[in-house]
Structure formats: C-alpha cells, structure tokens
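The block underneath contains the structure these notes are about, expressed in structure tokens.
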Ligand SMILES: [Cu+2]
C-alpha cells in the first residue's frame with residue numbers, strides 16, 4: 001500500500017484551508033489549550049496517541065470527545081496500572097477543574113486515535129477538534145513528535 005503522510009492527505013484539506021487562523025495553541029471562552037502533540041506512528045491502519053494540556057480560566061468544563069480526520073475511531077483513554085501491568089481504558093469524558101488543568105500526557109490520559117488514515121510522521125500537523133460540554137468545539141493542530149516523545 002502506498003503510504004502518504006498525513007499532511008499530504010487528510011490534514012492538507014483541513015489544515016491548509018484554515019492555516020492562517022489555526023495555531024498549535026487555541027483558546028475558547030474559559031479555556032486555553034497548549035502543549036499538545038501526537039507521537040509518530042509508522043502505519044496507516046495502526047493506532048496513534050495524542051496529548052494536550054487544557055487549562056480552564058473560569059468554571060469547570062468537561063472534555064466529552066474529540067474528532068480528527070487522522071483516524072477512524074477517536075477515543076478518550078487513560079492508563080491504569082493493574083497488577084503491575086499498564087493497560088489502556090476508554091473513559092467517557094475528562095474533567096477540567098475550575099481554574100485548573102486537565103493534563104493529557106504519556107502514561108496517563110490521552111487522545112487515542114484508532115485506525116489511522118495515514119501514518120503520522122514527525123513534522124506533520126494533526127487537526128483535532130476537541131468537544132467540550134460548555135465551551136463547545138475547539139480546534140487545534142497538534143504537531144507530530146518522535147515515537148517516544150514525552151512532551
Ligand atoms: Cu489508548
């Protein structure tokens with residue numbers, strides 16, 4: 001199968017159309033999104049994981065879901081340590097405390113991208129729409145970093 005990097009496929013349609021206004025950080029009323037990235041993933045059809053920090057400058061909010069053209073099935077996940085074995089579990093939502101942070105980071109909460117539509121190569125940008133209970137939809141482009149990137 002011919003591999004295409006994301007920026008030349010799905011991302012190009014979404015990112016380039018909105019490139020002038022889309023930064024790698026985003027804000028919505030009451031929320032600041034920063035420090036986001038995806039880890040590189042070698043194959044279309046495989047899975048990818050993304051991370052981001054969400055700060056509430058006001059009341060609490062709840063991350064309900066995310067969407068992206070980068071994969072077939074986006075899910076919110078966490079890691080649990082069960083008898084010394086780290087396992088991933090889907091979570092229904094992620095809370096952002098009032099005036100505080102929801103931190104999605106390796107080993108913990110993450111944006112799980114199941115069934116990548118293209119490989120994730122370093123330097124690509126993954127367009128992500130975060131969907132919040134109060135703030136609604138917030139779009140952010142997350143850069144792809146190395147496969148073992150921690151931040
Ligand atoms: Cu996961």
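Odds and ends about this structure:
- Net length available on complete extension from residue 122 to residue 80 is 12.4 nm, with 0.36 nm assigned per residue and the Cα-Cα distance removed.
- Peptides ranked, highest mean first, by Cβ atoms within 10 Å: ranges 88-95, 49-56, 30-37, 102-109: 49-56, 30-37, 102-109, 88-95
- In this simple spin-label approximation, residue 101 and residue 67 carry label points 7 Å from Cα along the Cα→Cβ vector, and these lie 2.9 nm apart.
- Two-decimal ratio, the stretch 18-129, of alpha-carbon radius of gyration to 2.2 N^0.38 Å: 1.08
- FRET efficiency, residue 134 to residue 43 (Cβ-Cβ, R0 30 Å, nearest 0.05): 0.25
Bear in mind these aren't lab numbers, they're just calculated from the coordinates by the rules spelled out. Being a predicted model, the structure only gives us computed values, none of them experimental. Virtual Cβ from ideal backbone geometry, glycine too; neighbours counted across all protein chains shown.
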